[in-house]
Amino acid sequence: MNKKGTDFYIKAGQRAMEWHKANIEKMKKCRFDTIAVHGIYSMQEALNFNQGSIIEPIYMSTSQTYRDSDEMEAALSYQIPTWCYSRIANPSMYYYEGVLALLEGYKTGLDTSCIGTASGMAAIQSAVDPFLVVDKKNPNAPMNFVSTCQLYGGTFQQFAIRKDQEKNIEWRKVLNPTDINDWATKIDKNTRFLYGELPSNPSQGFFDIKMLADLAHSHNLPLIIDSTVATPALLRPLNYGADIIVQSVTKSLFTSGFGIAGAVISRKNITSNIENDEMKADFATYLKLLPNRDNGPNISPMNAILALNDMRTIRSRMDLVSRTTKTIADFLVTHKHIEGVDYLGLNNHPLHELAKKYLFLVDSEHDEMYKEKVNRYGHLMSFRIKGDAQATRNVFDAFNRIYRATDLGRIKSVATIPAISTHQQQGEEGRKLAGIPANLIRLCVGAEHPDDIIEDINQALEVLDGKKYQVTFPEYSAGGASSGNFEK
């Protein structure tokens, strides 16, 4: 056998990396929609490696084989690109991660990287845990992190229970995220990062990203932002100084609802007081090659490609559903049974002007429909019923077209009562901190015509006038509650 040696494979790997880098630089010059459609998959790859397939293939394989021991050695020591094992990397994951890195970095001038995760919660854990490590110079020093309370319920639980209660890593809660002093007074020498979610789910919290990034960096700390609700079609926090972005891709990006997915996207050379140069230089790649390799929370190839397919239309979808949500919010504001509407797109919302500084439909100035930058505020809103928890349940139970589920970001409209679902576990005190009363209904608006969604909301609200409603379930021969065969 003619041995090639590891040098042969390393040089070949370097040439491949240079080609891919050049291809990515070309893609960066394209518009947002073109990047979303094509990502980093090229015609050359289609013709040379994928039987000419114009769509990224699903590589349903746990691992790759190697030509010889030299190639394996070079691969497993990370000296050449490799799909060694799908817990770490896989071609389908690579295409998924590549497009998200480009979309979050769009028009920022930054080099970005991404790692796909099995869920949004896995993305949050992946993003924060590398900073919550023992300080070797002061191993007994207590750790803390500073974050707003206006968070998705799962995030609240991860911070309050898994970090604070179980590991004694103090979560310092910011009650008023628009007050920069509320953040500043909670930072000390043992703080590891600042974290925020905007717009927050479901209370529509918001804060000044640039101001908060400047504060974080002045203390040599990273700013981590959960930008799930906005998506990169409306907001790219890296452009305003954030270091790391968390996406629950399951939601708006993966709008079909066919699977679960998450992602961590980072700029190169993040700010941190942790002495780990490799981590700071390329955070997402560091996660992929080391911590997440060992912990194994990465995305499956199937979900990566299914999500990637939905991402191709994210800009036009976010435009459509944002406009529809504004129409519905305007309707609810004047309704006799509505106590209040939480939607950043309403002119009278207390955070409207702040959100207006940041939330824009990407490339709208290049769109024939608009020809200028236009604000869009997303498809998540909440409204409060005039009445108690039972009245709220009665309205909720009367929906006919709007699905009752804890999901959001679907192509179909979905509603939930956060106090009894997504934020139930954090308790009444925790819900009060997050601004989630018992009479709040969260609505994530889909792509239906607004008239039909409004009609369904209106008929549901009529139960407060004493109108009877009846929900019927079809009876199936299979039987059982899961198939809809409920006992009468």
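Annotation note: trypsin sites (Lys or Arg not before Pro) in the stretch 23-79 located in DSSP loop regions with a Cβ neighbour count of at most 13 within 10 Å are LYS29, ARG67.
Report the calculated FRET efficiency for ASN348 and HIS217 (r = Cβ-Cβ distance, R0 = 30 Å), to the nearest 0.05. Result of the calculation: an efficiency of 0.35. 3J(HN,Hα) along the stretch 317-329, derived from phi through the Karplus expression 6.51 cos²θ - 1.76 cosθ + 1.60 where θ = phi - 60°, amounts to 5, 5, 5, 4, 5, 5, 5, 5, 4, 4, 4, 5, 4 Hz, with x in place of Gly and Pro.
The distance between label points at LYS29 and SER316 comes to 2.6 nm (points 7 Å beyond Cα on the Cα→Cβ vector).
Placing a pseudo-label 7 Å from each Cα along the Cα-to-Cβ vector at LEU110 and LYS386 gives an inter-label distance of 4.6 nm. Relative protection proxy for 361-370, 406-415, from highest mean packing down: 406-415, 361-370 (other beta-carbon atoms within 10 angstrom).
How high is the FRET efficiency between LYS268 and ILE180 when r is their beta carbon distance and R₀ equals 30 Å, given to the nearest 0.05? Here the calculated transfer efficiency is 0.65. Residue-normalised convex hull volume from the C-alpha trace of the stretch 90-311: 112 Å³ per residue. For LYS371, a cut-off of 23 angstrom between C-alpha atoms picks up these lysines, skipping any fewer than 8 places away in its own chain: LYS28, LYS29, LYS107, LYS326, LYS356, LYS357. Beyond 35 Å, how much of the Cα-Cα pair distribution for the chain remains, as a whole percent? Of the Cα pairs, 36 percent sit more than 35 Å apart. Here the spin labels are modelled as points 7 Å beyond Cα on the Cα-Cβ line, and at ALA22 and ARG401 they lie 5.3 nm apart. Centre-to-centre separation between the Cα atoms of the stretch 85-130 and those of the stretch 274-306: 8 Å.
Efficiency by 1/(1 + (r/R0)^6): what FRET value for ARG162 and LYS357, r their Cβ-Cβ distance, R0 = 30 Å, to the nearest 0.05? The calculated FRET efficiency here is 0.35. For the stretch 285-346, the list of trypsin sites (Lys or Arg not before Pro) that fall in a loop by DSSP and count at most 16 other C-beta atoms within 10 angstrom reads LYS336. Principal semi-axes of the equivalent ellipsoid, √(5λ) from the alpha carbon gyration tensor of the stretch 314-483, are 29, 20, 16 Å from largest down. Here the stretch 155-238 is treated as a Stokes sphere of Kirkwood radius computed over C-alpha pairs; at 20 °C and 1.002 mPa s its diffusion coefficient rounds to 157 µm²/s.
Between SER256 and ALA141, residue separation times 0.36 nm minus the direct Cα-Cα distance comes to 36.8 nm. Counting only residues at least eight positions apart within a chain, or on another chain, the lysines with an alpha carbon under 30 Å from that of LYS167 are LYS136, LYS137, LYS186, LYS189, LYS251, LYS268, LYS280, LYS288, LYS432.
Distant-in-sequence amide contacts of ASN298, defined by a placed amide H-H separation under 5 Å and a gap of 5 or more residues or a different chain, comprise ALA118. In loop segments of the stretch 346-402 as defined by DSSP, the trypsin sites (Lys or Arg not before Pro) with at most 13 further C-beta atoms inside 10 Å of their C-beta are LYS357, LYS371, LYS373.
Just so you know, all these numbers are worked out from the coordinates, no wet-lab data involved. This is a predicted model, so every value here is computed, not measured. Every residue, glycine among them, receives a Cβ derived from its backbone with ideal geometry; neighbour counts consider all protein chains shown.
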